[in-house]
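The values are calculated or read from the model by the stated rules, or taken from the named source; none is laboratory data. From a predicted model like this one, the values you see are computed outputs, not experimental measurements. Note: ideal-geometry Cβ built from the backbone for every residue, glycine included; neighbour counts use all protein chains shown.
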Amino acid sequence: MEFALITLLNSLCYGLLLFMLSAGLTLIFSMMGVLNFAHASFYMLGAYLAYAISMWIGFWPALLMAPLVVGVLGALVERYGLRAVHRQGHMPELLLTYGLAYVIGELVQLIWGRAPVPYRIPAGLDGSLFTFYGTSFPAYRGFMMLVALLMLVAIRCLLTRSRTGLVIQAALTHPEMVEALGHDVPRIAMLVFGGGCALAGLAGVIGGNALVTEPSMGATLGSITFVVAVVGGLGSLNGAFIASLLIGLLQTVAVAIDYSLRDFLSLCGLSFSSGTDLRLHPHPFWDLTIAQMAPVLPYLLMIVLLICRPRGLMGAREG
Amino acid sequence: MKPGHCSSRLLPTRLPASMVWMGFGAALIAAPLLSGEGAGLSLLSQIGMVMIFGLSYNMLLGQGGMLSFGHAVYAGLGAYCIAHALNMAGAGKLPIPVSLMPLLGGAAGMTFGVLFGYVTTKRAGTTFAMITLGLMELVFASTLLWPEFFGGEGGVSTNRVIGSPVLGIDYASGIAVYYLIAFWLFVSTAAMYAFTCTPLGRILNAVRDNPERAQSIGYDPQRVRYLTLILSAGFAGISGALSAIYFESVSAESVGAARSGAILLFTVIGGAGFFIGPMVGAVVGVLLTVVLSDVTRAWHLYVGVFFMLIVRYAPGGITGLLVMSLPVLRSGNFRSVLPWCLAMVAALLLMLSATVLMTEMLYRLTLEMHDATALHFLGVTFKANSIASWSLAILMLASGIWVLLAVRPRFLHAWHTVQQNPQPALQHDSLQSIQQDGLPATQSTLPGDRTLL
């Protein structure tokens, strides 16, 4: 029971972190039609900047400053890189962000080295939030969830209640009309790109010390974020939310299950004996445990989903 | 358009096609005579394998508009299959000579293409790119799950000198392996070039440019993409098989993200809009990789920045730049551009050396290689921990940028003046002839465009 609850909370925490990344990715995609390949690199940049700032003036200023810096960097990338190649179509844009991911990854190694940096949880949050039947839940996880939920509410309000948000929403579907009404659509695109990157940076600030801050952290979370965006349906914020929680749950629960396919089959009353001693000759497929397959599961989910429902959970039909 | 007629030529020359192909074959045969045995030959062999891989990748990227982040899956799985096939042949269970193994690798690649392509080619564009990325991660993660096939961390090793020589050929020497690669490179290049002239190759361009229209005249875009991916995976399998024969071992990195990314980088650097683009990219890419990685640890950074500059300023790649400058070179008025061209090159070189110096000094500082803190450049010693060195580098960078900004408008003016008055006979020849029609990525190589810096 307590195992299930803690696992659920952990998966919620991880899922919300994934959503912080995929929300920015989805916003950018629906606004500009660009898949920001470097999104996870901005996440990594957020973590490293937060590490550098927290060494200098502490964690709390870093929580504010690192996403801001990352957002400004993102806006600069949009202004001086993406906007210039925009007229050549989406592929050069995707290629540019791919190159950017490559270069950011190298720059981070250049500045902070190849080994993980000691980016730690602030002392004030370094305890347990509550203890449930002897299993404690870290306070920092609670803080992560709080930040993610606050961000979720903030985006929601910004998009539906504020004037800027309404213009952004209009620009998503009818950019020409919005431009005709006198709004500067390229500037809105720059804001959205910068904002999305800032969200990724914020995810990096709070995720970097909970997970680990190292040069490969971007690549690790990056491909999962893309899976989330595809599974949720490209361009759908709600879809991204559901898919983030789903994949968070899938990955967290899977690593905790030490059953193999054979065990499941024997639970269902099916058993088969291959004649040889199983402990000496484990079968490569039937004896893989779910925990071993955990890293593969999101991709399998994506492929199965694409076969059954190519537009993702909540995505629009391909235009 | 009648089948077998190609609008694009292999090279921007007026030589007949047969001469070009004979020249290519002769160059392949003669290359080892120039390079000699050893390091040069191994470079040539690697370039050959990357060329096949790049050409097969460009069937998707350049001709089909499909950006794949997981093409190494097909080459890598082909390589694994061939490593196992070689081991079986060595044990006498598989009566196939080594010379024909690449064909088997191609079949393996196509099989995986049939399997994976069904999923990936369901969608085009960005979604295709992401599915290929997911698939690549899936296959890469599987390498640790099924050690029986993938050999776990160590990979699968094999031996190419097996059995008795067939037709007197054994692959004990590097030169024999080079000629095996050269033979399959020639065959694959010819086949892939022929593919661009087939109805499928032509309709593939239509699907790339306007899927709705292709569909409305009766072609299923999904099916066209699927068939192309199968063929492309086959050629990737050939290159994978050659790499298994060449290196005599295959490891998990051969299906990994880095390998897929490298071929994307090389192809775009060479010029995805041209048939020969990936071949140019293979030469440049392998040379960059081998030479730079010997000299500096920051070589990934340089390759990445180079790639971004190409995407940003020269969407036609190196081939695009060359082709764009041909009419100017041939026009006879080149002398009026030359001084500005040289000034531009000088400014760029200044900026390049300043950036490289700063990067290297930063590397010295952060990775704490105490043994090598001094750099020697043009007789000046740069030290990573001295303010004077940093100021000098920054000064170099600033003056480079200043010269570039000052010279650029005049250079562009001179360039366009020459370009707008070319000699009439040369106009058609080089620009449109080797460009694959209507590719968005190469539109900017047309005259009058200002993307050249």
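Computed quantities for the displayed model
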| read-out | value |
| --- | --- |
| Residue check, residue B:202 part of a helix (DSSP H, G or I) and over 22 Å from residue B:118 (Cβ atoms) | yes |
| Residue in segment B:145-162 that is hydroxyl-bearing (Ser, Thr, Tyr), touching a residue at least 24 places away in the same chain (Cβ under 8 Å) and within 14 Å of another protein chain (Cβ to nearest Cβ) present | no |
| Sole exception among (1) touching a residue at least 24 places away in the same chain (Cβ under 8 Å); (2) in the same structural domain as residue B:54 (by TED's automatic domain parsing) for residue B:294, by number | (1) |
| Criterion (within 14 Å of chain B (Cβ to nearest Cβ), of a type in the set (Gly, Ala, Ser) and buried (at least 23 other Cβ atoms within 10 Å of the Cβ)) met by exactly one of A:99, A:15 | A:99 |
| Residue ID - modelled with the highest pLDDT, chosen from residues in segment A:275-319 that are aliphatic (A, V, I, L, M) and part of a loop (DSSP other than H, G, I, E, B) | A:296 |
| Selection count where residues are free of Cβ contacts under 8 Å to residues at least 40 places away in the same chain and within 19 Å of the chain's Cα centre (by Cα), scope segment B:234-257 | 1 |
| Segments classed as helices (runs of 4 or more DSSP H), wholly inside segment B:249-327, with at least 3 members that are within 11 Å of another protein chain (Cβ to nearest Cβ), farther than 21 Å from residue B:28 by Cβ and touching a Gly at 6+ places or on another chain (Cβ under 8 Å) | B:257-270, B:299-313 |
| Filter pass, residue B:180 being at pLDDT 85 or above, closer than 22 Å to residue B:97 by Cβ, surrounded by 19 or more Cβ atoms within 10 Å (Cβ to Cβ) and away from chain A (no Cβ under 14 Å) | yes |
| Candidates A:74, A:124, A:81, filtered to the one that is small (Gly, Ala, Ser), surrounded by 14 or more Cβ atoms within 10 Å (Cβ to Cβ), in a helix (DSSP H, G or I) and more than 10 Å from chain B (Cβ to nearest Cβ) | A:74 |
